[in-house]
Structure formats: C-alpha cells, structure tokens
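Heads up, the thing below is written out as structure tokens.
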Amino acid sequence: MDNLEQEFARIVKEHKETIYMVCYMFSKDSNEVQDLYQECLINLWKSISSFEGRSNLRTWIWRVSLNTCISIDRKKRRRKENNAGVKGRKTKK
C-alpha cells in the first residue's frame, strides 16, 4: 500500500461513523446503507486530491457523502418515475 492509500484507510477508519450517519439518513435498510457507504468511499477516493483544507476534513467528508447519497436518491426516484410512466402507458395493438 502506498502512502496515499494508507492515509485514505486511516481517514476512513477515523470518519466511518460520519459516513454511515449520512447514509443512514437516506435509508434504514442495512443493505442499502452498505451500498451507499461503498459509493461514498468510491467518491471520497476519487475526490481526495481536491480537498484543499479550507474546511475541516470531517465537514468535507460529510459534504461528499451527502452529495453522493443525494445523487443516488435522485437516480432512484427517476427510475421509479420512469417505471411508473412505462407501466401507466397503454400499448397500441
């Protein structure tokens, strides 16, 4: 493991409760919370280099996690709306 990976692992270990708290706000289902948590980790890893230190690290992690969950929630709602629209249409014979 290189230094960046070690530092990321340390950050995740230190802030996992924060990430879980955000995920739990969007779902009470433990499987879905796990999925949200994994997506948050992916997005945190992708954007860790953009952390400029202008805010507290915990605040930044909260915001990235919140944005991730909001984005996933929007996609899920759109899918439900699209599926409802497809089911509500009558097919021509």
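The values are calculated or read from the model by the stated rules, or taken from the named source; none is laboratory data. Predicted model only: the values in this text are computed from it and were never measured. Using ideal geometry, Cβ is built from the backbone for each residue, glycine included, and neighbour counts are taken over all protein chains shown. Ligands, DNA and RNA are excluded from the accessible area calculation, which covers all protein heavy atoms including side chains. Shrake-Rupley method; radii C 1.70, N 1.55, O 1.52, S 1.80 Å.
Structural remarks
- Every residue from region 46-81 that is open to solvent by 100 Å² or more (accessible area, probe 1.4 Å) and part of a helix (DSSP H, G or I): Lys46, Ser49, Arg58, Arg63, Arg74, Lys75, Arg77, Arg78, Arg79, Lys80, Glu81
- Some residue of region 63-73 being at pLDDT 95 or above and among the small types (Gly, Ala, Ser): yes
- Residues of region 1-49 classified as among the aromatic types (Phe, Trp, Tyr) and over 14 Å from the mean Cα position of the chain (by Cα), total: 1
A quick yes/no check of all residues on (1) out of contact with any Cys (no Cβ under 9 Å at 6 or more places or on another chain); (2) without any contact (Cβ under 8 Å) to a residue 40 or more places away in the chain:
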{"residue": "Thr18", "(1), (2)": "yes, no"}
{"residue": "Val22", "(1), (2)": "no, no"}
{"residue": "Phe26", "(1), (2)": "no, no"}
{"residue": "Asp29", "(1), (2)": "yes, yes"}
{"residue": "Leu41", "(1), (2)": "yes, yes"}
{"residue": "Ile48", "(1), (2)": "yes, no"}
{"residue": "Cys69", "(1), (2)": "no, no"}
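- When region 1-45 is limited to residues that are of a type in the set (D, E, K, R) and not in a helix (DSSP H, G or I), the one that is surrounded by the most Cβ atoms within 10 Å (Cβ to Cβ) turns out to be Asp29.
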